[in-house]
Amino acid sequence: MAEKSEIRDGMRVEWDVPITMDDGIVLRADIFRPVGDGKYPVIMNYGPYGKGLDFKEGYKTAYEILESDYPDSLQGTSGTYLNWEVVDPEKWVPDGYACIRIDSRGAGRSPGFMDVHGPRETKDLYNCIEWAGVQPWSNGKVGMNGISYYGANQWRVAALQPPHLAAICIWEGFSDNYRDNNRHGGILCVFRKNWQEMQVKTVQHGLGERGRKSKVTGEYISGPETLSDAEMVKNRSDLWGDLLKNDLDGEYYKSRAGAMDRIVVPLLSCANWGGQGLHLRGNIEGFVNAASQQKWLEIHGGAHWAEFYTDYGVAIQKRFLGHFLKGEDTGWDKQPTVTMQVRRPGQIKFPSRAETEWPLARTEWTKFYLDPAAKSLKREPSGTTATLDYETTGDGVSFLTAPFEADTEITGPSALKLFLSSKTKDADVFLVLQVFDPKGEEVVFYGALDPHTPVGQGWLRASHRKLDPKKSKPYRPYHTHDEVQPLTPGAPVELDIEIWPTCIVVPKGYRLGVNIRGRDYEWAGAATTLSNMKNPMKGCGPFVHDDEDDRPPAVFNGTNTLHFDGDKQPYLILPVIPGK
């Protein structure tokens with residue numbers, strides 16, 4: 001495979017540059033840099049989505065949403081070099097950056113065994129950073145910046161502390177491979193299974209002539225080799241089989257997550273309030289737990305892939321990376337520790353607000369007790385003895401506050417304490433934090449992928465109820481997921497269930513509620529679709545939990561019972577934010 005260098009659209013572009021790994025495997029990279037001689041800071045992306053795959057071709061509906069809803073994201077660029085979830089070189093090279101895109105091992109034009117998010121990938125990424133740091137056109141400072149996969153792998157490689165890594169910008173990238181990504185509360189999410197089928201196997205190295213061609217170079221995106229189906233299977237890990245086998249949090253997941261206490265590089269973690277089911281929790285927990293002395297958190301709304309490319313997104317990225325990679329006076333030295341967009345019902349764009357920490361120090365952690373008679377949320381416990389049954393295949397049971405007497409901001413993580421029994425040896429609990437307008441219509445927001453996402457969600461498999469007392473907080477329980485504690489049918493157990501962070505100003509006259517159910521939430525309206533996702537979007541996007549190997553109906557499709565008894569009263573704890 002020959003590399004090629006050319007000047008086009010004001011950039012020097014080098015295609016298929018070889019980067020040799022320590023075991024002899026040669027990865028392939030495309031490099032976009034300024035035409036003139038000089039030494040430039042590097043922005044690196046390493047991932048499995050095919051560096052030659054055109055955004056418009058591979059992710060048609062996502063691109064159309066950029067065009068219609070985020071038009072500034074496509075201004076100042078021809079879009080010729082746009083790839084899914086990585087920086088657009090036409091917006092960065094003119095500012096004096098070298099942008100590198102590398103097909104990860106086994107993907108696109110890079111041969112080898114594909115093990116997504118695996119330790120070998122992280123080692124490869126370390127090697128690539130160190131390679132880029134000593135190139136004649138590099139100033140020795142390598143930064144990482146990208147969405148999702150291109151964000152999540154930053155936590156892992158930063159923990160290895162490559163000497164030339166100068167800054168990381170994790171845009172919607174999970175940090176805990178178990179809790180944030182694959183097993184919500186111990187319940188297996190089918191996202192990875194469908195993701196591999198739709199987005200990874202379709203650009204696996206070896207498709208060659210059976211795959212697509214680059215619209216720019218005319219080369220096969222997943223070539224030049226064309227391998228047999230049997231060879232392709234042999235060249236990738238059994239991702240779904242591995243996830244099914246590894247139901248507890250052990251070495252498999254820990255080797256695919258970053259060690260936060262070893263991350264010391266300056267970092268900007270950018271989360272999405274709508275990322276219920278992927279990334280949101282990891283961006284926030286990663287920010288809180290990383291050992292870096294220089295770290296910032298930004299939280300926005302809107303579609304998962306979109307804000308990264310907007311003027312707002314590019315501006316904050318350039319201020320951060322310009323400061324740490326180029327030594328520019330971008331004003332970043334005055335950047336507040338936390339910047340967050342505050343959501344209100346009916347809004348599409350949200351105003352930003354500066355804060356100094358997470359969770360917010362002025363939070364009033366407020367308990368709302370579940371009243372079984374009125375199915376309401378009240379500030380005082382009812383003290384009654386009662387039980388409530390719900391069918392796990394139905395819509396569960398909901399508890400609502402009275403209409404709010406004033407606009408009330410809810411920002412931060414929350415948790416629900418329950419006393420629950422099942423007629424079998426286990427139970428999966430799905431929680432939905434909801435807001436309703438005075439007419440009873442639910443308030444939903446554009447989530448990371450689903451346009452009708454509820455305000456907040458939480459999950460827990462009851463047999464995984466064991467808590468880590470050192471890491472748990474009343475408002476954010478932390479489960480060890482290191483052993484299974486089966487239920488005795490009919491006997492209640494105490495559950496503390498994490499609800500992922502949220503932000504919403506609940507207007508006067510609106511109600512807040514919590515829905516306790518035995519299956520995934522579904523929005524009342526019509527489903528939507530994305531071309532790169534297999535299942536229709538019904539409120540949870542692709543982050544659903546319906547695999548019968550993980551959730552056998554004989555165990556999980558039955559009746560659960562909520563228990564109320566004297567001083568054992570269930571309650572929701574919410575982060576109420578008073579005005580400054």
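Shape verdict for region 193-254, please, from the Cα gyration tensor: rounded (a/c under 1.5), prolate (a/b greater than b/c) or oblate.
Details: a/c = 3.26, a/b = 2.35, b/c = 1.39.
It is prolate, given that a/c is not under 1.5 and a/b is the larger ratio.
Hey, can you find the accessible area per residue of region 110-173 for me, probe 1.4 Å, expressed in square angstrom? Mind showing how you got there, number by number?
Values: 1520 Å² over 64 residues.
On a per-residue basis, 24 Å².
Determine by what factor the alpha-carbon radius of gyration of the chain differs from 2.2 N^0.38 Å, reporting the quotient.
On the way: Rg = 24.0 Å, N = 580, 2.2 N^0.38 = 24.7 Å.
Cα Rg divided by the expected 2.2 N^0.38 Å: 0.97.
Per-residue ellipticity at 222 nm for the chain, helices alone: DSSP H runs ≥ 4 residues times -39500 (n - 2.57), over residue total, nearest 500 deg cm²/dmol?
Values: 12 runs with 95 residues, N = 580.
Here the helix-only value at 222 nm equals -4500 deg cm²/dmol.
Using a/c under 1.5 as the rounded threshold, could you call region 378-455 rounded, prolate or oblate? The axes a ≥ b ≥ c are square roots of the C-alpha gyration tensor eigenvalues, and prolate needs a/b larger than b/c, oblate otherwise. List each step's numbers first, then the result.
Details: a/c = 2.00, a/b = 1.29, b/c = 1.55.
Cα axes put region 378-455 in the oblate bin.
Tabulate in residue order the Karplus-calculated ³J(HN,Hα) for region 136-146, using 6.51 cos²θ - 1.76 cosθ + 1.60 with θ = phi - 60°, rounded to whole Hz; enter x for Gly and Pro.
x, 9, 9, 8, x, 10, 10, x, 10, 7, x
Let me check against my output: what whole-number percent is the relative contact order of region 426-467, with C-alpha pairs under 8 Å and at least 6 apart? Kindly include the intermediate steps, with their values, before the conclusion.
Details: 55 pairs, mean separation 20.5, N = 42.
Contact order relative to length: 49 percent.
May I have the pair-distance distribution P(r) for region 215-309, computed from all Cα-Cα distances with 10 Å bins from 0 and rounded to whole percent?
The calculated distribution, bin by bin, is 12, 25, 27, 28, 7.
Along the charge dipole of region 337-475, pointing to its positive end and built from +1/-1 on Cβ of Lys, Arg, Asp and Glu, which listed residue (VAL443, GLY458, ALA361) has its Cα farthest out?
Result: ALA361.
Each residue of region 458-474 in order: what ³J(HN,Hα) in whole Hz does its phi give by Karplus 6.51 cos²θ - 1.76 cosθ + 1.60, θ = phi - 60°, with x for Gly and Pro?
Listing the rounded values in order: x, 8, 6, 7, 4, 6, 9, 6, 4, 9, 8, x, 6, 9, 7, 10, x Hz.
Taking every eigenvalue of the Cα gyration tensor of region 277-328, multiplying by 5 and rooting it, what semi-axes result, largest first, whole Å? Each step should come with its number before you reach the end.
On the way: eigenvalues 82, 69, 8 Å².
They are 20, 19, 6 Å, listed largest first.
Taking the Cα atoms only, what angle lies between the long axis of helix 149-159 and the longest principal axis of the chain, rounded to 10 degrees?
Between helix and principal axis, roughly 90 degrees.
Given 10 °C and 1.306 mPa s, compute D for region 133-282 with the Stokes-Einstein relation, Rh being the Kirkwood radius over Cα pairs; round to the nearest whole µm²/s.
Details: Rh = 17.5 Å.
Reported coefficient: 91 µm²/s.
What residues qualify as long-range amide H neighbours of ASN139, i.e. H under 5 Å apart, gap of 5 or more or another chain, H built at 1.01 Å from N?
Answer set, sorted by chain and number: TYR40, VAL42.
Which GluC sites (Glu not before Pro) in region 1-102 pass both tests, a DSSP loop state and at most 15 other beta-carbon atoms within 10 Å? Mind showing how you got there, number by number?
Values: sites: GLU3, GLU6, GLU14, GLU57, GLU64, GLU67, GLU85, GLU90; in loops: GLU3, GLU85.
Here the GluC sites (Glu not before Pro) that fit, given the DSSP loop and packing criteria, are GLU3.
Checking the a/c ratio against 1.5 first, then a/b against b/c, what shape does the Cα gyration tensor give for region 251-291? Please list the in-between numbers first.
Details: a/c = 2.86, a/b = 1.20, b/c = 2.38.
Here region 251-291 falls in the oblate category.
Given a cut-off of under 8 Å on Cα pairs at least six residues apart, what relative contact order in percent is computed for region 1-41? Mind dumping the intermediate values first?
Details: 59 pairs, mean separation 13.9, N = 41.
Averaging sequence separation for qualifying contacts and normalising by length gives 34 percent for region 1-41.
I'd like the orientation of helix 280-289 relative to the chain: the angle between its Cα long axis and the longest Cα principal axis, in ° from 0 to 90, rounded to 10.
80
Checking the table LYS91/LYS349; LYS39/LYS326; LYS51/LYS141; LYS378/LYS508; LYS39/LYS141; LYS417/LYS568 against a 19 Å threshold on Cα-Cα, which pairs fail?
Numbers: LYS91/LYS349 23 Å; LYS39/LYS326 11 Å; LYS51/LYS141 22 Å; LYS378/LYS508 17 Å; LYS39/LYS141 10 Å; LYS417/LYS568 10 Å.
Beyond 19 Å: LYS91/LYS349; LYS51/LYS141.
If you wrap a convex hull around the Cα atoms of region 88-128, how much volume per residue is inside, in Å³? Each step should come with its number before you reach the end.
Details: hull volume 3.6 nm³, N = 41.
Considering the Cα atoms of region 88-128, their hull volume per residue is 87 Å³.
Using alpha carbons only, how many degrees (0 to 90, rounded to 10) separate the axis of helix 119-133 from the longest principal axis of the chain?
Approximately 40 degrees, to the nearest 10.
If you roll a 1.4 Å probe over region 83-216 with all protein chains in place, what percent of the accessible area is carbon or sulfur?
Working: 1620 of 3170 Å².
For region 83-216, the apolar C and S fraction of the accessible surface comes to 51 percent.
What percent does the relative contact order of the chain come to when contacts are Cα pairs within less than 8 Å and at least six residues apart?
Numbers: 1442 pairs, mean separation 86.3, N = 580.
Relative contact order here is 15 percent.
For q values of 0.10, 0.21 Å⁻¹, compute log₁₀ I(q)/I(0) with the Debye formula on a Cα-only model of region 425-520, without solvent.
-0.35, -1.08
Using alpha carbons only, what's the Rg to Rh ratio of region 1-138 with Rh from Kirkwood?
Working: Rg = 15.2 Å, Rh = 15.7 Å.
Ratio value, two decimals: 0.97.
Bin width 10 Å, origin at 0, all Cα-Cα pairs of region 11-88: what percent of pairs per bin?
Values per bin, smallest distances first: 15, 42, 31, 11, 1.
The values are calculated or read from the model by the stated rules, or taken from the named source; none is laboratory data. These figures come from a predicted structure and were not determined experimentally. For neighbour counting, all protein chains shown are included, and Cβ atoms are generated from backbone atoms with ideal geometry for every residue, glycine included. We work out accessible area using only protein heavy atoms, side chains counted, and drop any ligands, DNA or RNA first. Shrake-Rupley method; radii C 1.70, N 1.55, O 1.52, S 1.80 Å.
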